[in-house]
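The values are calculated or read from the model by the stated rules, or taken from the named source; none is laboratory data. All values derive from a computational prediction rather than experimental measurement. Neighbour counts run over all protein chains shown; Cβ positions are idealised from the backbone, glycine included.
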Amino acid sequence: MSNNINQPYYERLWGDRMYFYLKKSAGSRWFEYLLGKILEEVQASEIHRIADIGCGVGIHTHFLAKKFPKAKVEGYDFSKSGIAAAKRNNKLPNLIFSVEDITKARKIENFDLITAFDVLEHIEDWKGLVKKLIKKNNKYFIFASPVGKMRPYEKKIGHFRNYKIGEIEKFMKSQGYKTVKTFYAGFPFYSP
């Protein structure tokens, strides 16, 4: 993750201002509704450790920590400013944030749930990243990524691709995982 050309952009973008904007946005509320529907498929008693990869300012990480109060929830991002804003604005006893690449960390134990929300499209070798994350995973993955035609502005915010319907699911199946639930939903009511 640390080889990402997006780091300078997100170092400038992530901060308290972005946290408060996203916290109040319709898109964030819509996303958390969909995430809640997906989490209905996850047995809370099976979840002891969660990693939110590319957590940004930690809004969704905080949501996960509230949803799983008995689990240790860890948010990871390469943006120091994003992690600083996450630490300032998201406080729960089971929640921590770190500037770290868990795929390279030897000391980190496996996670029962790994999430990557709007991350994979920013990674040139996304399959390589997911294979590294699989080595740190015990049970569940949840991904959120854009599907469909990539618009020109997306390259300016560091996207390498958008996905085809079923592309991530097919790859995960090839790695021994099965899809439990999938939503294809646009922001928040329109999908280009």
Fill in: Every pair of residues 6+ apart whose Cβ atoms lie under 7 Å, when the first sits in region 73-85 and is more than 18 Å from A116 (Cα to Cα) while the second is modelled with pLDDT of 95 or more and of a type in the set (A, V, I, L, M)
A85/V57
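Residue by residue, here is whether (1) on the phi > 0 side of the Ramachandran plot; (2) touching a Ser or Thr at 6+ places or on another chain (Cβ under 9 Å); (3) without any contact (Cβ under 8 Å) to a residue 24 or more places away in the chain; (4) of a type in the set (V, I, T) holds:
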position	(1), (2), (3), (4)
D125	no, no, yes, no
I134	no, no, no, yes
S145	no, no, no, no
G148	yes, yes, no, no
P152	no, no, yes, no
